[in-house]
Amino acid sequence: MMVRTTLIFCFAALLWACSKGGDDEGVSIDTTPAAAQLLLPEDGAPCEPGAIIDNSFCEVDFEWKSAKNAETYTLYLTDELSRDAYSFNTTDTRMTLTLKRGTPYRWYVETSNKEHLSTPKSAVWVFYTQGKQVSNYAPFPATLVFPEMGQVVDGPSLTLQWEGRDVETPTADLNYEVFLGLDASEQPRLIATKEQEAVVNNLVQDTVYYWKVRTQDANNQFSETVLHQFRVN
């Protein structure tokens, strides 16, 4: 009787172990790369370069936190004045680049691995490289939020939206001029405002519009966005 009871117990234990092993094999592990968290250069501030090369160029250290499941990082960098854009691939979480002095830049990092097509994007940060004897920095060119470049929107009314930043002037004290028109070579001024949005009425259906924003800081320095376009549905 003892032998029979022992055999039954062992058989039950074997079934439990096999069942448990099967469940583990069915569990999927998420290997999607996480978005990187940016560290340096700090967002919205003049950047202290690692080394001054000459009157025109300096070295800037970029750094971000290691992201879960990330195998490769791609740093995207845009010169906000010339609008030249660059990308750099690395498996490290830091990089040193030679950049123009006294220039605003915009940057972010995308993460990736071989198992996924998705490439999560970090926050987008802006900074100024240190210029020679710069006492006041011009404001960062505003970020046009809505409509996005090439977006099709519903009319006849629309609220244009953007975000402004400056090194010295508080965001609430910045002034904006919004330009909107049908011609890519010329846009009449739509409105002057301290807000980061402007309402447009009487938009014409099936028409392409061009718009941009000029930012003025407390020191009467200006910056201007690149021209964006959208189409009214």
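The values are calculated or read from the model by the stated rules, or taken from the named source; none is laboratory data. Treat the numbers as computed from the prediction; the structure is a model and nothing was measured. A quick note on method: Cβ atoms are made from the backbone with ideal geometry, for glycine too, and the neighbour counts reach across all protein chains shown. Heavy atoms of the whole protein, side chains included, go into the accessibility calculation; ligands, DNA and RNA do not. Shrake-Rupley method; radii C 1.70, N 1.55, O 1.52, S 1.80 Å.
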So for the chain, taking the charge dipole from beta-carbon charges (+1 Lys/Arg, -1 Asp/Glu), which of 56, 144, 37 sits furthest toward the positive end? 37
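Dipole size in debye (nearest 20) for the chain around its Cα centre, Lys and Arg Cβ +1, Asp and Glu Cβ -1?
Details: 18 positive and 32 negative charges, 86 e Å.
It works out to roughly 420 debye.
Any chance you could tell me what percent of the C-alpha pair distances in segment 62-121 go past 15 Å?
Counting pairs separated by more than 15 Å, the tail of P(r) holds 50 percent.
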Looking only at lysines whose Cα falls under 22 Å of residue 100's and that sit 8 or more positions away or on another chain, we get 132
Would you kindly compute the Cα radius of gyration of the chain and its largest Cα-Cα separation (Dmax), both in Å? 26.8, 99
Leaving ligands, DNA and RNA out of it, rank 228, 116 by accessible area with a 1.4 Å probe, largest first. 116, 228
Using Cα centres only, tell me the gap between segment 161-233 and segment 61-90 in whole Å. 27
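How many Å² of accessible area per residue for the chain, probe 1.4 Å?
Working: 13710 Å² over 233 residues.
Each residue of the chain exposes 59 Å² on average to a 1.4 Å probe.
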Calculated [θ] (222 nm, deg cm²/dmol) that DSSP helices of n ≥ 4 give over the chain, each run adding -39,500 (n - 2.57): -4000 deg cm²/dmol
Given a 10 angstrom Cα cut-off, can you work out which residue in 89, 201, 113 is the most mobile in a GNM of the chain? 201
22 Å Cα-Cα reach of residue 68 towards lysines, excluding residues that sit fewer than 8 places from it in its own chain: 114, 121
Taking r as the C-beta separation of residue 149 and residue 192 and R0 as 25 Å, the FRET efficiency to the nearest 0.05 is 0.60
Along segment 71-87, Karplus-curve 3J(HN,Hα) (6.51, -1.76, 1.60; θ = phi - 60°) to the nearest Hz, with x for Gly and Pro, reads 9, 9, 10, 10, 8, 10, 9, 10, 6, 6, 8, 8, 6, 5, 10, 9, 9
Charges at C-beta only: +1 for Lys and Arg, -1 for Asp and Glu. How large is the resulting dipole of segment 158-201 about its Cα centre, in Debye rounded to 20? 100
Calculate the all-directions average of the projected area of segment 112-233's alpha-carbon convex hull, and give it in nm². 10.3
Whichever lysines have a C-alpha closer than 19 Å to that of residue 212, once near sequence neighbours (fewer than 8 apart) are set aside: 194
